[in-house]
Amino acid sequence: MIKKYIDIDGVILKYEPSDYPTRFLTIKHYFKNQPLLIHMIPEDFIILGKITTEEERRDKIAMIKKIFPKNKYILTKKPKHKKVNPKGCILIDDYNKNLEDWQSLGGIPVKFLNEINSPREDMLCVNKDDFIEVLSAFDSTLNS
């Protein structure tokens, strides 16, 4: 079975570019109040997210445990591709740099389309309404 990772900011939680990096560092419990883009994730997805502060870590863990209690998670200050081995694994992320780094190390990048980014011709792209269906079909072809 292929490991599947899913990003938090811009994928699970709404991302506001104007809030980064200064605003979320100055607003108490910023991540606790971010709206969800995705309300359901299959249990075999591992939530993989970047953190900057201890408060951010606590708030993201609280959200994960409340909304996605059956999913494993990894929160890191390091770039994602340095925390886990991407080779042969899927990463759903909205940020091109993360996807490019993942792909360069043998991982399978999947571009998540939110309100602020655009599709890429060179990657499978999904949105909040179709990501489970598209990934299930994609996963079936990879495993056959």
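The values are calculated or read from the model by the stated rules, or taken from the named source; none is laboratory data. Keep in mind it's a predicted model, so treat the numbers as computed, not measured. Note that we place each Cβ from the backbone using ideal geometry, even for glycine, and neighbour counts take in every protein chain shown. These accessible areas exclude ligands, DNA and RNA; they are computed on the full protein's heavy atoms, side chains included. Shrake-Rupley method; radii C 1.70, N 1.55, O 1.52, S 1.80 Å.
Before moving on, here are some points about what is shown:
- Viscosity 0.890 mPa s, temperature 25 °C, Stokes-Einstein D of the chain from Kirkwood C-alpha radius, µm²/s: 159
- Taking each DSSP H run with n ≥ 4 as -39500 (n - 2.57) and averaging over every residue of the chain yields -9000 deg cm²/dmol at 222 nm.
- For the range 92-101, backbone phi angles converted through the Karplus equation (6.51, -1.76, 1.60; θ = phi - 60°) give residue-by-residue couplings of 9, 8, 9, 9, 4, 4, 4, 5, 5, 4 Hz, Gly and Pro being listed as x.
- A cut-off under 15 angstrom between Cβ atoms defines the neighbours of PRO69, and their net charge, with Lys, Arg +1 and Asp, Glu -1, is +3.
- Relative contact order, percent, the chain [alpha-carbon distance under 8 Å, six or more residues apart]: 24
- Prolate/oblate/rounded call for the range 80-144, Cα gyration tensor, a/c under 1.5 rounded: oblate
- Computed on protein heavy atoms with a 1.4 Å probe, the accessible areas place HIS81, HIS39 in the order HIS39, HIS81, largest first.
- GNM flexibility winner over the chain from ILE64, ILE12, ILE92 (Cα, springs under 10 Å): ILE64
- Just checking the listed ones, ASN114, ASN127, ASN85: in the Gaussian network model of the chain with Cα springs under 10 Å, the one fluctuating most is ASN85.
- Amide H to amide H, with H built 1.01 Å from N, ILE6 comes under 5 Å of ILE46, ILE47, LEU48, ILE92, counting only residues 5 or more places away or on other chains.
- Residue pairs, from the table LYS14/LYS87; LYS65/LYS87; LYS4/LYS83, whose Cα atoms sit over 23 Å apart: LYS14/LYS87; LYS65/LYS87
- Translational D in µm²/s for the range 1-75 (Stokes-Einstein at 20 °C, 1.002 mPa s, Kirkwood Rh from C-alpha pairs): 169
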